[in-house]
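First comes the structure, then the notes that go with it.
The values are calculated or read from the model by the stated rules, or taken from the named source; none is laboratory data. Everything numeric in this text was worked out from a predicted model, so none of it was measured. Cβ placement follows ideal geometry from the backbone for every residue including glycine, while neighbour counts extend to all protein chains displayed. For the accessible areas, the whole protein counts, side chains as well, though only heavy atoms, and no ligand, DNA or RNA atoms are used. Shrake-Rupley method; radii C 1.70, N 1.55, O 1.52, S 1.80 Å.
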Amino acid sequence: MEMLSVECLRCGEVRSVPGQGGPRVHPGDCARCEYVGWALVADLTEKVRRILRERPPERRRLYAA
């Protein structure tokens, strides 16, 4: 099974989780900050990371265009 790297959208903690053969993974709570929002490391650019850091957590939803 492939391992995927995901990054916490609040604090930037990175962890590896097993890929489940689909678009979704469930890494659970962040051990550092207890946030539950994650994104694949490969999908995040520095610009997106900066935007997310500057927004309060309750406004950190990204919508596909």
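Looking at the range 17-32, which of the residues that are at pLDDT 90 or above and part of a loop (DSSP other than H, G, I, E, B) is most open to solvent (accessible area, probe 1.4 Å)? Out of the qualifying residues, it is R32. Checking each residue in the range 33-65 for being at pLDDT 80 or above, over 15 Å from V6 (Cβ atoms) and of a type outside the set (K, R) picks out E34, T45, E46, I51, E54. Going by what's in this entry, would V14 be described as surrounded by fewer than 14 Cβ atoms within 10 Å (Cβ to Cβ), modelled with pLDDT of 85 or more and of a type in the set (A, V, I, L, M, F, W, C)? Spelling it out, V14 is indeed surrounded by fewer than 14 Cβ atoms within 10 Å (Cβ to Cβ), modelled with pLDDT of 85 or more and of a type in the set (A, V, I, L, M, F, W, C). Within the range 15-33, residues that are of a type in the set (D, E, K, R) sit with their Cβ atoms under 8 Å from residues that are modelled with pLDDT under 90 and surrounded by 12 or more Cβ atoms within 10 Å (Cβ to Cβ), at 6+ positions apart or across chains, in these pairs: R15/P27; D29/Y35; D29/V36; R32/C11.
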